[in-house]
Ligand code: NAD
């Protein structure tokens, strides 16, 4: 089966490479010429573990190719996936669907065969109706079905998630759509991944509901962490205590600096806009978005506190370890590190930083932060260290060396990756999240 993937970013490229690995013939399309040039040269435009080898193998096998030419790329494809970005629209927080609609228009104009058009981008409910209208309006004479197939992969573990998903949600309105999608995902039957056929609108809502629920779980434990800090409890113990209950589950119960990344912040916001439009408030999600928003700067203030308070902190310097919103990605979109760095700088605290993969994308977002070549260079002469992202590289820092290099042995661990007793015994003034 030939598949066209329009948009070759985190989702499109991973999905395209995985479909090719399943044995399909895949063309990844992107309007970004430099991205396509790099891909053709075997250079990955993003950091995602395992992706380079997966792409190389499938290119070599002749199943995966890249183009900027949509008309050429979709020719003969039975399924055309739309995997372009749906960022927050400037000003109002609605999902910006202009990229999705632009692709729909182009697809409609250039189809040369019957095809199922699949929205993989995260799009608000009823977007599929509009995509279908646009394609039909473009005057295509071919049979089409517009299907919603939201993506649930996580950056950093994207290939495993795509190949062994907990479920695949397919929102289709007719048999043509369902049959083609069954064929697209047939290789996953072997993994017994459940294929959920639902209505298109249900599929669209499912994606937002899933993200909002996960964001709620994170935000809930973060607030519990704050209470633990005030009363002398340990949020790690509490999280374990509730997470072992199967009805709750232990995942997404790690207290930290607040959720970030390319999905949760924008998707919770977009869902709230949808709820507003349909006069069907989602008050829990409203609270989640608000609480999470204020948490990021609160984490900056926590670091200032560790430096001795506002007055003492002014003129000092902090080494920030980790900039990406989570480990194993270079994605900096809405990372808590941005607000934390800003809060520090607003208080007159200088920041040096190190991140294994994120510095290239981080540098333009925080031009006043000095990027360093390794954690120890960032720490040298700093008045404190703040651990923002739990990269493996930071789990076993040479604490003796840190102590020697830093001006003061102050460590703020926003991911709770160190044991308080151990770090304090090593001579550090240590603070973490929710371990009062
Ligand atoms: P991205 O920004 O990494 O990639 C989007 C790509 O689409 C870019 O390369 C861009 O050049 C390309 N593009 C835009 N307009 C185009 C056009 N008209 N023709 C061809 N290419 C075009 O975005 P992403 O992170 O891959 O996200 C894509 C969608 O998937 C979003 O809706 C997002 O919410 C959703 N999603 C993302 C993740 C994630 O972890 N990143 C997970 C699940 C769902």
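Okay, here's what the table says:
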{"read-out": "Qualifying positions in the range 76-95 - assigned to a loop (DSSP other than H, G, I, E, B) and touching a helix residue (DSSP H, G or I) at 6+ places or on another chain (Cβ under 8 Å)", "value": "78, 83, 84, 85, 86, 87, 92, 93, 94"}
{"read-out": "Selected residue [closer than 29 Å to residue 356 by Cα, in the same structural domain as residue 122 (by TED's automatic domain parsing) and free of Cβ contacts under 8 Å to residues at least 12 places away in the same chain] from 53, 17", "value": "53"}
{"read-out": "Check on residue 331, closer than 17 Å to residue 265 by Cα and in contact with a helix residue (DSSP H, G or I) (Cβ under 9 Å, 6 or more places away or on another chain)", "value": "yes"}
{"read-out": "Helices (runs of 4 or more DSSP H) contained in the range 314-380 and holding at least 2 residues under 23 Å from residue 50 (Cα atoms)", "value": "359-362"}
{"read-out": "Top-ranked residue of the range 89-131 - restricted to ones that are under 20 Å from residue 15 (Cβ atoms) and more than 14 Å from the ligand (Cβ to nearest atom), ranked as surrounded by the fewest Cβ atoms within 10 Å (Cβ to Cβ)", "value": "115"}
{"read-out": "Test: residue in the range 60-79 that is under 22 Å from residue 198 (Cβ atoms) and crowded, with 17+ Cβ neighbours inside 10 Å", "value": "yes"}
{"read-out": "Residue among 191, 246 that alone is surrounded by fewer than 15 Cβ atoms within 10 Å (Cβ to Cβ), assigned by TED's automatic domain parsing to the domain that holds residue 11 and more than 16 Å from the ligand (Cβ to nearest atom)", "value": "191"}
{"read-out": "Failed item in (1) within 21 Å of the chain's Cα centre (by Cα); (2) part of a helix (DSSP H, G or I), with residue 254 passing the rest", "value": "(2)"}
{"read-out": "Residue check for residue 179: in contact (Cβ under 8 Å) with a residue 24 or more places away in the chain, in the same structural domain as residue 18 (by TED's automatic domain parsing) and surrounded by fewer than 19 Cβ atoms within 10 Å (Cβ to Cβ)", "value": "no"}
{"read-out": "Check on residue 149, free of Cβ contacts under 8 Å to residues at least 60 places away in the same chain and either over 20 Å from residue 274 (Cβ atoms) or assigned by TED's automatic domain parsing to the domain that holds residue 53 (or both)", "value": "no"}
{"read-out": "Selection count where residues are part of a loop (DSSP other than H, G, I, E, B) and in contact (Cβ under 8 Å) with a residue 24 or more places away in the chain, scope the range 24-43", "value": "4"}
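Every residue, every condition in (1) over 15 Å from residue 83 (Cβ atoms); (2) out of contact with any strand residue (DSSP E or B) (no Cβ under 7 Å at 6 or more places or on another chain), yes or no:
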| site | (1), (2) |
| --- | --- |
| 121 | no, no |
| 153 | no, yes |
| 156 | yes, yes |
| 180 | yes, no |
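The values are calculated or read from the model by the stated rules, or taken from the named source; none is laboratory data. Owing to the predicted nature of the structure, the values given are computational and were not obtained by experimental measurement. Ideal geometry is used to build each Cβ from the backbone, glycine not excepted, and the neighbour counts take in all protein chains shown.
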